[in-house]
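The values are calculated or read from the model by the stated rules, or taken from the named source; none is laboratory data. A quick note: this is a predicted structure, and the numbers were derived from the prediction, not measured. Cβ atoms come from the backbone with ideal geometry, glycine included; neighbour counts cover every protein chain shown. Surface areas here come from the heavy atoms of the whole protein model, side chains and all, with no ligands, DNA or RNA. Shrake-Rupley method; radii C 1.70, N 1.55, O 1.52, S 1.80 Å.
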Amino acid sequence: MSPLRRVLTAVTEGRARTLDDVAREAGVSRDEASAMLDYWVSRGRLTREEITPGCPPRGCGSCPMASGCTTRTPGSAPALITIGVRPRRS
């Protein structure tokens, strides 16, 4: 099975929950796994959803994560992205 197909299979079978899992399952680097996920999203086999809580409107001083945050710029917090299986059309 090709690495590209292993990426799709790992996600659809629920064996990969993180980008590291996808990379390990497919035997590729994180960057390659990310590109392969992008490919399957563009082909309509997987979906991508960005879950961005964002920074608080009052700035870092009102954020409970301020002490561990590396962005320090309101509105530029890292985003959590979920990849899922696109439902089949009936």
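Which residue pairs have Cβ atoms closer than 9 Å, lie 6 or more positions apart in sequence or on different chains, and pair a first residue in region 1-12 that is in contact (Cβ under 8 Å) with a residue 40 or more places away in the chain with a second residue that is part of a helix (DSSP H, G or I) and open to solvent by 50 Å² or more (accessible area, probe 1.4 Å)?
Sorted first by the residue in region 1-12, then by its partner, the pairs are V11/E25.
Taking region 5-18, which residues are crowded, with 19+ Cβ neighbours inside 10 Å and either closer than 16 Å to E49 by Cβ or touching a Lys or Arg at 6+ places or on another chain (Cβ under 9 Å) (or both)?
Those that are crowded, with 19+ Cβ neighbours inside 10 Å and either closer than 16 Å to E49 by Cβ or touching a Lys or Arg at 6+ places or on another chain (Cβ under 9 Å) (or both): L8, A10, V11, A16.
If you go through region 19-42, how many residues are in contact with a helix residue (DSSP H, G or I) (Cβ under 9 Å, 6 or more places away or on another chain) and either assigned to a loop (DSSP other than H, G, I, E, B) or open to solvent by 70 Å² or more (accessible area, probe 1.4 Å) (or both)?
10
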